[in-house]
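Q: The structure follows.
Read-outs: derived from the displayed coordinates by stated rules, not from any lab. Keep in mind that what you see is a predicted model, and the values were worked out from it rather than measured. Every residue, glycine as well, gets a Cβ built from its backbone with ideal geometry; the counts of neighbours run over all protein chains shown.
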Amino acid sequence: MIGDIVKDSEKREKSVFKDKKIKAKKNRLKQSDIKKYSMSELDHVISKIKANEVKYTIISVLFMLIVLFIIAYMIFSSVLERVNYNVLQHRDLLIQFSENENGLGDIIDLVNVNTYSSSNQVLDVYEVSITNSSDVAKKYKVFIEDDLDMIEIDKCQDIFLDRSFLRYSINGGDIRALRDNDSIIFGTLKAKETVTYKIKVWVSDIYSDTPHYHGKFVVKQVD
């Protein structure tokens, strides 16, 4: 009887072992299955990367377009646009220079001329009219800037006159020394209002050599 029990136990163990072996065999992946699974996962990862790549590319392009738009607006806002021959526009300001021997009237050429001791001896008078074309008040500034294009054409960097020797007066007023980057006029125009300035520019008599200066008047609307 004990022998029968032992035999039954052995049969059950063999049966259990056989069942486990069959299950293990069924669950065992073939090499082809592993390759197929790996490629499927890889394709899924690649698809996700491509999807994100398209998304980030679109975001990057939009960002660059916004930056370029802002830069273009800043450049446009700082450049004088020609309306016709003798009228320029900066944002809401219309700027008109009276013509002189140099052309439009915004060009200053102090080349091979004598120095002066007062504005009464200056013959050249520059006239500029500024009109506010908008329906609200606008502020403006008038500058005298070095004419970099003319300096390059004339190749006069070595003999170019320092701005500290320049003098100017506005509408026959006080004589003033030109300072770097400072505006010579600052004002506010009401809606549709126009103002006209007559400006003289010359070289101080403290400069003993032959002067050589190229400049231009620039009018800008300011916020």
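Q: What number in nm² do you get for the range 91-222 if you take the convex hull of its Cα atoms and divide its surface by four?
A: Values: hull surface 32.2 nm².
Directional mean of the projected Cα hull area for the range 91-222 stands at 8.0 nm².
Q: Let me ask something else about it. Could you order the peptides 170-176, 150-156 from most to least packed, using the average number of other C-beta atoms within 10 Å per residue?
A: 150-156, 170-176
Q: Is there a pair in LYS141/LYS216; LYS155/LYS220; LYS192/LYS220; LYS155/LYS198; LYS190/LYS220 whose C-alpha atoms are over 22 Å apart, and which pairs would that be?
A: LYS155/LYS220; LYS155/LYS198
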